[in-house]
Each structure stands twice: as structure tokens, then as C-alpha cells.
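The values are calculated or read from the model by the stated rules, or taken from the named source; none is laboratory data. These numbers were taken from a predicted model, which means no experiment stands behind them. In this analysis, Cβ positions are derived from the backbone assuming ideal geometry, glycine residues included, and neighbour counts consider all displayed protein chains. Areas reflect the complete protein model, heavy atoms only, side chains present, ligands, DNA and RNA absent. Shrake-Rupley method; radii C 1.70, N 1.55, O 1.52, S 1.80 Å.
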Amino acid sequence: MDIGTYLQFFVSLIALVNPIGVIPVFYSMTSGFPKEEQQRMIFVTFLTLTGMLLMSFLFGNAILHAFNISIDSFRIAGGIVLASIAMTMINGKIGENKMNKEEKGNDISNYTNLAIVPLAIPLMAGPGSISAAIVFGSNSHTLVEYVMSAITIIAFCICCYLLLRYSKPLMAKLGKTGANVVTRIMGIILLSLGVEMIVSALKNFGVL
């Protein structure tokens, strides 16, 4: 894999997680918290997100083999998931696409740790980003590729950490309209990535 492949992986994670779109959710959930508590939550979110994506990247393919699921079948399923997430993002629904009805109905004040649930899981480490990590892991074969991919994931998670860390001034500059525009742009990119995954799998199956 060349550097462009890792850049594509990085961009796909940005589109999938949509960290800028998560900022309004995070800010609304923690606006009444002391600054020290907010910083602690951001760090826990960073650790959880990094751990989930790395585990999916390293062990996701083995799990697929255990259930006798081909990677191309998973690519199609993942592509459909990405496309569905992308459509909700294009419609401007921030965060709702990553939470089921039961999770939406819960009072977030009752969560033991908002940094882990729902902020890190499922708002950030959702089905789309986990699917992308598994698919990309299946394409890594050498030690160098695994190391470079792990570095890409960690670099992405650090960027998410910095965005959340400075979410207050960023929200002031972006505003609700700016955040919605970014979400829709990321949705279009994400939809293209989902279609690309499906087309790639269909080519491998000999359909196209």
C-alpha cells in the first residue's frame, strides 16, 4: 500500500465518524460540566475510540472467518451501512443515525460514563467506522502495513481528541449552520465511499 491508501483510510474515518458533526452533541451534553470534568471525558472518549478502532482493525477479520463470512460480503454490508449513514448526514441529522430507538429514549444523565456511552460508542465508534477498520485490516498483509495502518488510526483519534478539546471556540466560529454544512459535505463523501465498497465487492464476485 502507498501513502495515498492510508490517506484515503484517514479521510474515510473522518467522513464516517464526522467528528465536527459530533461536536454540537458533545457540547450540548457537557455544557454544564466543570472544565476539569469535560477534559477527563474527552480523554476517556479518545482512549475508547482508539481501542475500539484498533481492535476492529486487528481482530475483525478473524471474527469474520469464525462466522464464515467473506470479506466481500462484509464489504457489501458495510457499504450499505455507510450509504444509509450518509443519507441521514446529507439530511442534516447529526448523531441520530448512530443511536437506536432504545438509546435515544434513555436519559443521558443516567449513564455511568457519558464519555464511553453514548459519546465514544456509538456516536463515534459506530457501525460505519468499525466496518471500515475491519475491511481495511483485511487488506493489510505485512508488518509495515499493519504498523502504518495503526499509526493512521491513532493519528485520526488524536485529531478527534483535539477537536473535542477545543470544541467551545470551534462551535463559536462554526455555529449551527456551519456544523450542518460540514455534516452534509461529509455525508456526500461517505456515500461515495460506500458505493465504492459495494462496486469493489461486486467486481470480486464477478458481477461487474
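Size descriptors for the stretch 1-54 (Cα atoms only): Rg and Dmax, in that order, 14.2, 46 Å. Counting only protein heavy atoms and using a 1.4 Å probe, what share of the accessible area of the chain belongs to carbon plus sulfur, as a whole percent? Solvent-exposed carbon and sulfur of the chain make up 67 percent of the total. If R0 is taken as 35 Å, the Cβ-Cβ distance between Val207 and Ile185 corresponds to a FRET efficiency of 0.70.
Length available on full extension from Val199 to Leu163: 0.36 nm per residue minus the Cα-Cα distance, which gives 9.7 nm.
With Cα atoms defining each centre, the stretch 48-93 and the stretch 158-208 are spaced 15 Å apart in the structure.
Based on protein heavy atoms only, the chain ends up with 51 Å² per residue of surface accessible to a 1.4 Å probe. For the chain, lysine pairs separated by 8 or more sequence positions, or belonging to different chains, with Cα-Cα distances below 20 Å total 7. Ranking Ile80, Ile134 from most to least accessible surface, computed with a 1.4 Å probe over the protein chains only, gives Ile80, Ile134. When the alpha carbon gyration tensor of the chain is reduced to an equivalent ellipsoid, its three semi-axes come out at 29, 18, 16 angstrom, largest first. Hydrophobic long helices, here whole DSSP H runs in the chain with Kyte-Doolittle means of at least 0.0 and Cα atoms spread over 30 Å or more along the helix axis, are found at 35-66, 143-165, 167-204. Here, the stretch 120-161 is characterised by an Rg to Rh ratio of 1.01, where Rg is the alpha-carbon radius of gyration and Rh the Kirkwood radius.
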